[in-house]
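In what follows, a structure is listed as structure tokens, so that the remarks can point back to it.
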Amino acid sequence: MLKSLTFLYFSPTGGTYRAAKALAQGLAEEVRETDLSDPGVPGAAFGEDDVVLAAVPVFGGRVPPCALTNLARFQGGGARMVTAAVYGNRAFEDALLELNDFATRQGFRVAASAALVAEHSMVHAVAAGRPDAQDRAQAAGFAAQILGRLASPDAGGPAVPGNRPYREWKPMAVPAVSDACTGCGLCAEKCPAGAIRRDNPRETDPAACILCMRCIAICPQKARALPAPVADMLTQKLSPLAGVRRENELFL
């Protein structure tokens with residue numbers, strides 16, 4: 001195992017963190033964590049001796065824009081990077097390719113990549129309970145293979161699926177706010193995209209919102225929710241996947 005690893009993750013509701021954490025633990029004795037979904041995350045510069053794991057969720061087949069904005073605060077300096085795209089059992093499409101392209105532009109050397117499955121953040125019946133024990137065991141196996149690749153620093157980067165130009169992605173809606181809202185401002189404080197007005201948390205900027213579900217998950221009054229038509233559409237579209245188990249994939 002590595003002595004240490006920096007783990008950068010964008011995980012508004014925790015699914016990406018849980019899926020990639022198992023991989024991080026299999027790679028290094030010491031894991032230093034940085035939450036890219038923190039609006040005030042500080043950046044850092046790495047060097048050739050460093051190894052970094054970067055994990056992001058897949059939204060509409062892409063990487064959330066604000067995840068890349070915060071990842072841009074980190075300079076690779078030739079550090080080796082393991083990338084992970086975490087998706088809710090549908091498809092990861094162009095997200096892993098987009099993440100790898102971005103990491104390369106930031107000066108990282110991508111050594112390995114993984115597509116990992118976690119419970120869907122909007123339709124919880126899809127991939128319910130994942131990552132589970134089987135996923136964690138598989139992550140340990142992936143880690144062993146990745147360590148073998150890291151032991152050969154001159155090995156080329158992985159070929160991952162995806163298309164350039166990346167697929168177009170547009171937000172579907174913004175969360176609906178009920179009369180239960182007390183205006184406490186927690187959602188505005190924690191919004192990764194800065195889409196919620198701090199002076200009026202009932203208002204959400206549709207151009208900035210990525211529908212990451214964090215505000216819905218953390219609201220102490222349960223005053224925020226998906227708009228009913230959106231929730232119904234997603235349930236109808238994704239429910240057939242509830243009985244399908246997508247497998248994690250490793251690319252070396």
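Give the residues of region 20-37 that are open to solvent by 10 Å² or more (accessible area, probe 1.4 Å) and touching a helix residue (DSSP H, G or I) at 6+ places or on another chain (Cβ under 7 Å), sorted by residue number.
Those that are open to solvent by 10 Å² or more (accessible area, probe 1.4 Å) and touching a helix residue (DSSP H, G or I) at 6+ places or on another chain (Cβ under 7 Å): ALA22, GLY26, VAL31.
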Restricting the first residue to region 166-192 and requiring it to be within 13 Å of CYS215 (Cβ to Cβ), which pairs with a second residue that is of a type in the set (Gly, Ala, Ser) and not in a loop (DSSP other than H, G, I, E, B) meet a Cβ separation below 9 Å and a spacing of at least six or different chains?
PRO175/ALA225; ALA176/ALA225; ALA176/ALA228; VAL177/ALA225; SER178/ALA225; PRO192/ALA67
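Please count how many residues of region 61-90 are part of a loop (DSSP other than H, G, I, E, B) and either under 17 Å from ARG109 (Cβ atoms) or open to solvent by 30 Å² or more (accessible area, probe 1.4 Å) (or both).
Summing the residues that are part of a loop (DSSP other than H, G, I, E, B) and either under 17 Å from ARG109 (Cβ atoms) or open to solvent by 30 Å² or more (accessible area, probe 1.4 Å) (or both) in region 61-90 gives 7.
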Contact list, first residue from region 10-26 and under 17 Å from HIS120 (Cβ atoms) and of a type outside the set (S, T, N, Q), second anywhere and open to solvent by 40 Å² or more (accessible area, probe 1.4 Å) and modelled with pLDDT of 95 or more, beta-carbon distance below 6 Å, six or more apart or interchain, is GLY15/GLU119
Return the residues of region 110-142 that are in contact with a Lys or Arg (Cβ under 8 Å, 6 or more places away or on another chain) and in a loop (DSSP other than H, G, I, E, B); say none if nothing qualifies.
ALA118, GLU119, HIS120, VAL126, ALA127, PRO131
The one condition GLY40 fails out of (1) over 21 Å from GLY141 (Cα atoms); (2) open to solvent by less than 50 Å² (accessible area, probe 1.4 Å) is (2)
Does region 188-198 contain any residue that is closer than 22 Å to ALA231 by Cα and basic (Lys, Arg)?
no
Taking ALA139 as meeting all but one of (1) among the hydrophobic types (A, V, I, L, M, F, W, C); (2) at pLDDT 95 or above; (3) more than 17 Å from the chain's Cα centre (by Cα), write down the number of the exception.
(3)
Filter region 91-100 down to the residues that are assigned to a helix (DSSP H, G or I) and open to solvent by 30 Å² or more (accessible area, probe 1.4 Å) and list them by number.
none
When region 198-252 is examined, which residues are found to be under 30 Å from VAL110 (Cα atoms) and aliphatic (A, V, I, L, M)?
ALA208, ILE210, LEU211, MET213, LEU250, LEU252
Region 36-47, residues that are at pLDDT below 95 and either in a strand (DSSP E or B) or not aliphatic (A, V, I, L, M) (or both)
SER37, ASP38, PRO39, GLY40, PRO42, GLY43
Identify the residue in region 30-71 that is in contact with a Cys (Cβ under 8 Å, 6 or more places away or on another chain) and of a type outside the set (S, T, N, Q) and, among all such residues, is farthest from ARG167 (Cα to Cα).
PRO39
Determine if region 131-139 includes at least one residue that is open to solvent by 40 Å² or more (accessible area, probe 1.4 Å) and touching a residue at least 40 places away in the same chain (Cβ under 8 Å).
yes
Kindly indicate whether SER178 is of a type outside the set (A, V, I, L, M, F, W, C), at pLDDT 95 or above and more than 19 Å from PRO65 (Cα to Cα).
yes
When the residues of region 107-130 are narrowed to those that are open to solvent by 20 Å² or more (accessible area, probe 1.4 Å) and charged (D, E, K, R), which ends up farthest from ALA54 (Cα to Cα)?
GLU119
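The values are calculated or read from the model by the stated rules, or taken from the named source; none is laboratory data. Computed from a predicted model, the values in this text were never measured in an experiment. Neighbour counts are summed over all protein chains in view; Cβ atoms, including those assigned to glycine, are modelled from backbone coordinates with ideal geometry. Each accessible area value is taken on the protein alone, full model and side chains, heavy atoms only, with ligands, DNA and RNA left out. Shrake-Rupley method; radii C 1.70, N 1.55, O 1.52, S 1.80 Å.
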